[in-house]
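Colleague: My structure is below; once you've seen it, I'll send some questions.
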Amino acid sequence: MDKVPVDQPVRLTVKVEGGNVLPGHAGIVVYPVDSSKFFVVAAIAIIAAAAKNGAEAGDLADLRDERIIVRTSVAIIGAGPAGMFLAHLLARSGIDAVVLERRDRAYVEGRVRAGVLEQVTTDLMRDLGLAERLDREGLVHAGTQISLDGELARIDMAALTGGSAVTVYGQQEVMHDLFEAASARGIQIVWNAQDVVLEGLDTDAPVVSWRQDGEPRELRCDFVAGCDGYHGVSRASIPGDVLRTFERIYPFGWLGILAEVPPANHELIYANHERGFALASMRSPTRSRYYIQCGLDEDVMDWPDERFWDELCLRLGSEAAARITRGPSFEKSIAPLRSFVSEPMRWGRLFLAGDAAHIVPPTGAKGMNLAVSDVMFLGEALVEHYRGGSASGLDTYSSRALARVWKAERFSWWFTSITHRFPEMDGFARRIQTAEIEYIRGSPAAQRVLAENYVGLPL
């Protein structure tokens, strides 16, 4: 099969009946790249036959018509981290895929998200040839700091894990690298795909339909990868009597700011204070990211910058506060915290990955990293299927991914529980929390457990 670039919408003379091309006429596969260009994939001999056996004018079929068969191997729903890492993994192995995203690139790339990458994630970016900027601009952290009522203690993660570390590199930067490389590598992304519907997931011929600029579109495929987040259509397409969900809603949120000021410390500081949690983080040597625990009913308008800086310094303690550079925030928001898992992560030909299947509180910095490990498992299984004809990896994907997901959920829940102030916390609970942190600070064994989970458990 040859790929022929076409600059304008194309018409071929074919006869279509009941959604199918009649025998002896052209059968085509169309991959939309954007609103004005298509890759038409067809056997040259078939196109020649279509020209030779032209039908009457009434049989003309526009490639934009919903009746034309559009096909790929894997339909990826969502162009976030899970979807785009999977697209690159499949492209490297020569497996056709089309990514459908309901928003535009600017929106997806501009979303402010976490920026702490596990070793597994940075290793994958290097393996995929996506790490040029990561290696140049990413901030490698070999340790982290835990503060209890202002008293700091360092956890040497690299020493405790045989050299593993985390890298601070914002999700916005990761998405930029994924999109730039996708364009160069011909990975196909359909932006602004509205009203996506998944059908035939329990058959061997799934169909994805959507609307593009008001026109109906249809994509047939072998498998669907649901990477469209917590509110996406993918998980909602699994029957209710099959899907099981597990959830914990936390009774507080994080009020976060971004400011063009140097960080207070070269490593992150997680602070437990009697007034609540605080986190000192960064995006670069000149851009800081700070958070404080707040009520879910609070409004960012009630937190002018001066009030935020005062509260942050109080919770971090005098030693860390002395190194804080204040400045105007250019982004400020409140994020709720939740733990969520849906099982199974596979139903029929649908495979869930990333936030479509699970959410973690940001305390453990696991969200994007879990999405990456999901698609590493899924990508490996799909390559095994297409190259070796084996369904083993696909059949075990859900259980394999969930085993890692639940370990990350446990760590994120535990780390949240020892660093945050809970509404029902009495004197006894506070003493237990304090004892837990003091035990970690004094026990190399406890520090090793924290470090192993923080840098990321092995696949």
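The values are calculated or read from the model by the stated rules, or taken from the named source; none is laboratory data. None of these values were measured; they are calculated from a predicted model. Cβ sites come from the backbone with ideal geometry, for glycine too, and all protein chains shown count toward neighbours.
Colleague: Of the conditions (1) closer than 19 Å to residue 378 by Cα; (2) among the aliphatic types (A, V, I, L, M); (3) in contact with a helix residue (DSSP H, G or I) (Cβ under 6 Å, 6 or more places away or on another chain), residue 238 clears all except one; give me its number.
Modeller: The failed condition is (3).
Residue-by-condition table, conditions (1) over 27 Å from residue 153 (Cα atoms); (2) not acidic (Asp, Glu):
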site	(1), (2)
389	yes, yes
395	yes, no
401	yes, yes
406	yes, yes
411	no, yes
427	no, yes
432	no, yes
437	no, yes
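Colleague: When you go through 124, 86, 130, 90 one by one, which is the residue that is of a type outside the set (Phe, Trp, Tyr) and assigned to a loop (DSSP other than H, G, I, E, B)? Quick ask: steps written out before the conclusion?
Modeller: Numbers: 124 fails: assigned to a loop (DSSP other than H, G, I, E, B); 86 fails: assigned to a loop (DSSP other than H, G, I, E, B); 90 fails: assigned to a loop (DSSP other than H, G, I, E, B).
Going through 124, 86, 130, 90 in turn, just one is of a type outside the set (Phe, Trp, Tyr) and assigned to a loop (DSSP other than H, G, I, E, B): 130.
Colleague: Okay, moving on. From the list 150, 200, which one is surrounded by fewer than 20 Cβ atoms within 10 Å (Cβ to Cβ) and touching a Pro at 6+ places or on another chain (Cβ under 9 Å)?
Modeller: Working: 150 fails: touching a Pro at 6+ places or on another chain (Cβ under 9 Å).
Going through 150, 200 in turn, just one is surrounded by fewer than 20 Cβ atoms within 10 Å (Cβ to Cβ) and touching a Pro at 6+ places or on another chain (Cβ under 9 Å): 200.
Colleague: Between 309, 303, which is among the aromatic types (Phe, Trp, Tyr) and in contact (Cβ under 8 Å) with a residue 40 or more places away in the chain?
Modeller: 303
Colleague: Within the stretch 399-443, work out how many residues are over 33 Å from the mean Cα position of the chain (by Cα), assigned to a helix (DSSP H, G or I) and closer than 28 Å to residue 117 by Cβ.
Modeller: Qualifying residue count for the region: 0.
Colleague: Additional query: Right, residue 381: within 21 Å of the chain's Cα centre (by Cα), modelled with pLDDT of 95 or more and surrounded by fewer than 16 Cβ atoms within 10 Å (Cβ to Cβ) or not?
Modeller: Details: within 21 Å of the chain's Cα centre (by Cα): yes; modelled with pLDDT of 95 or more: yes; surrounded by fewer than 16 Cβ atoms within 10 Å (Cβ to Cβ): no.
Criteria not met by residue 381.
Colleague: Could you list all residues from the stretch 210-228 that are touching a residue at least 40 places away in the same chain (Cβ under 8 Å) and either among the aromatic types (Phe, Trp, Tyr) or assigned to a strand (DSSP E or B) (or both)? Give the derivation first.
Modeller: Of the stretch 210-228, the ones touching a residue at least 40 places away in the same chain (Cβ under 8 Å) are 210, 212-213, 215-228.
If the condition is that a residue be touching a residue at least 40 places away in the same chain (Cβ under 8 Å) and either among the aromatic types (Phe, Trp, Tyr) or assigned to a strand (DSSP E or B) (or both), then 210, 212, 215, 216, 217, 218, 219, 220, 223, 224, 225, 226 are the ones that fit.
Colleague: Further question: Please go through the stretch 291-330 and give me each residue that is in a helix (DSSP H, G or I) and among the aliphatic types (A, V, I, L, M), ordered by number. Don't jump to the end; show me each part of the working.
Modeller: Of the residues in the stretch 291-330, the ones in a helix (DSSP H, G or I) are 300-302, 305-316, 318-321.
Those that are in a helix (DSSP H, G or I) and among the aliphatic types (A, V, I, L, M): 300, 301, 312, 314, 316, 320, 321.
Colleague: Do the conditions hold for residue 363, that is, is it over 22 Å from residue 458 (Cβ atoms) and among the polar types (S, T, N, Q)? I'd like the intermediate steps shown before the answer.
Modeller: Numbers: over 22 Å from residue 458 (Cβ atoms): no; among the polar types (S, T, N, Q): yes.
The answer is no for residue 363.
Colleague: Among the listed residues 323, 287, 349, identify the single one that is surrounded by fewer than 22 Cβ atoms within 10 Å (Cβ to Cβ), touching a Pro at 6+ places or on another chain (Cβ under 9 Å), of a type in the set (Lys, Arg) and assigned by TED's automatic domain parsing to the domain that holds residue 239.
Modeller: On the way: 323 fails: assigned by TED's automatic domain parsing to the domain that holds residue 239; 287 fails: assigned by TED's automatic domain parsing to the domain that holds residue 239.
Answer to the check: 349.
Colleague: Could you say which residue among 448, 404, 400, 431 is surrounded by 14 or more Cβ atoms within 10 Å (Cβ to Cβ), out of contact with any Ser or Thr (no Cβ under 9 Å at 6 or more places or on another chain), at pLDDT 95 or above and basic (Lys, Arg)?
Modeller: Working: 448 fails: out of contact with any Ser or Thr (no Cβ under 9 Å at 6 or more places or on another chain); 404 fails: out of contact with any Ser or Thr (no Cβ under 9 Å at 6 or more places or on another chain); 431 fails: surrounded by 14 or more Cβ atoms within 10 Å (Cβ to Cβ).
Unique residue meeting the criteria: 400.
Colleague: Another question about this same structure. Conditions first: (1) surrounded by 14 or more Cβ atoms within 10 Å (Cβ to Cβ); (2) over 21 Å from the mean Cα position of the chain (by Cα); (3) assigned to a helix (DSSP H, G or I). Residue 453 passes all but one, so which condition is the exception?
Modeller: (2)
Colleague: Considering only residues of the stretch 416-428 that are surrounded by 13 or more Cβ atoms within 10 Å (Cβ to Cβ) and without any contact (Cβ under 8 Å) to a residue 24 or more places away in the chain, which is nearest to residue 365 (Cα to Cα)? Let's see the steps before the verdict.
Modeller: So in the stretch 416-428, the residues surrounded by 13 or more Cβ atoms within 10 Å (Cβ to Cβ) come out as 416-422, 425.
Remaining after also requiring without any contact (Cβ under 8 Å) to a residue 24 or more places away in the chain: 417, 425.
Values: 417: 15, 425: 24 Å.
It comes out as 417.
Colleague: Within the stretch 230-245, is there a residue that is acidic (Asp, Glu) and either surrounded by 14 or more Cβ atoms within 10 Å (Cβ to Cβ) or in a strand (DSSP E or B) (or both)? Before the answer, list the steps.
Modeller: Kept after step one, since they are acidic (Asp, Glu), are these residues of the stretch 230-245: 241.
Checking the rest, the ones that are also either surrounded by 14 or more Cβ atoms within 10 Å (Cβ to Cβ) or in a strand (DSSP E or B) (or both) come to none.
Checked against the condition, which is being acidic (Asp, Glu) and either surrounded by 14 or more Cβ atoms within 10 Å (Cβ to Cβ) or in a strand (DSSP E or B) (or both), the stretch 230-245 yields no hits at all.
Colleague: Continuing with this model, one more query. Which condition breaks for residue 143 when tested against (1) of a type outside the set (S, T, N, Q); (2) surrounded by 21 or more Cβ atoms within 10 Å (Cβ to Cβ); (3) at pLDDT 95 or above?
Modeller: (2)
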